[in-house]
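The values are calculated or read from the model by the stated rules, or taken from the named source; none is laboratory data. Quick caveat: nothing in here was measured; it's all calculated off a predicted structure. Ideal geometry is used to build each Cβ from the backbone, glycine not excepted, and the neighbour counts take in all protein chains shown.
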Amino acid sequence: MMIKIKCPKCNSEGSFSLANSSYNGPYKCWKCRELFTIKIENNELKSFEPLSQEEFDRQQEVEALKARFKQH
Ligand SMILES: [Zn+2]
């Protein structure tokens, strides 16, 4: 499932692929490279929060770990 996400900073629309109908995690704008934490519920974007590079890296690690656990 792909949904469109409009960057609140530069207004560029990017597509984001979802495994589920909800998601709460990091998003990076392809154009201005701004980082956000986004929250999606029922395939609808609910919130955008600014995210620091440090926090983004940390969240990516968490996501990678989760993905690894799913394989077992
Ligand atoms: Zn942007």
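Assorted remarks:
- Flag if PHE56 is assigned to a helix (DSSP H, G or I), more than 11 Å from the chain's Cα centre (by Cα) and of a type outside the set (A, V, I, L, M): no
- Selection of the range 10-28 for residues being within 15 Å of the ligand (Cβ to nearest atom) and either at pLDDT below 95 or within 22 Å of ALA67 (Cβ to Cβ) (or both) yields GLY14, SER15, PHE16, PRO26, TYR27, LYS28.
- Restricting the first member to the range 44-72 and to residues that are more than 19 Å from LYS6 (Cα to Cα), and the second to residues that are part of a strand (DSSP E or B) and of a type in the set (S, T, N, Q), the beta-carbon pairs closer than 9 Å and six or more apart or on different chains are GLU55/THR37; GLN59/THR37.
- Pair list, Cβ under 6 Å, 6 or more apart: the range 6-22 residue over 13 Å from LEU45 (Cα atoms), other residue in a loop (DSSP other than H, G, I, E, B) and away from the ligand (no atom under 13 Å from the Cβ): none
Condition check ((1) surrounded by 12 or more Cβ atoms within 10 Å (Cβ to Cβ); (2) part of a helix (DSSP H, G or I)) across all residues:
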residue: SER15; (1), (2): no, no
residue: ASN20; (1), (2): no, no
residue: ASN24; (1), (2): yes, no
residue: PHE36; (1), (2): yes, no
residue: LYS39; (1), (2): yes, no
residue: SER47; (1), (2): no, no
residue: GLN60; (1), (2): yes, yes
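- Residues (touching a residue at least 24 places away in the same chain (Cβ under 8 Å), within 14 Å of the ligand (Cβ to nearest atom) and not aliphatic (A, V, I, L, M)) located in the range 29-43: LYS31, CYS32, GLU34, PHE36
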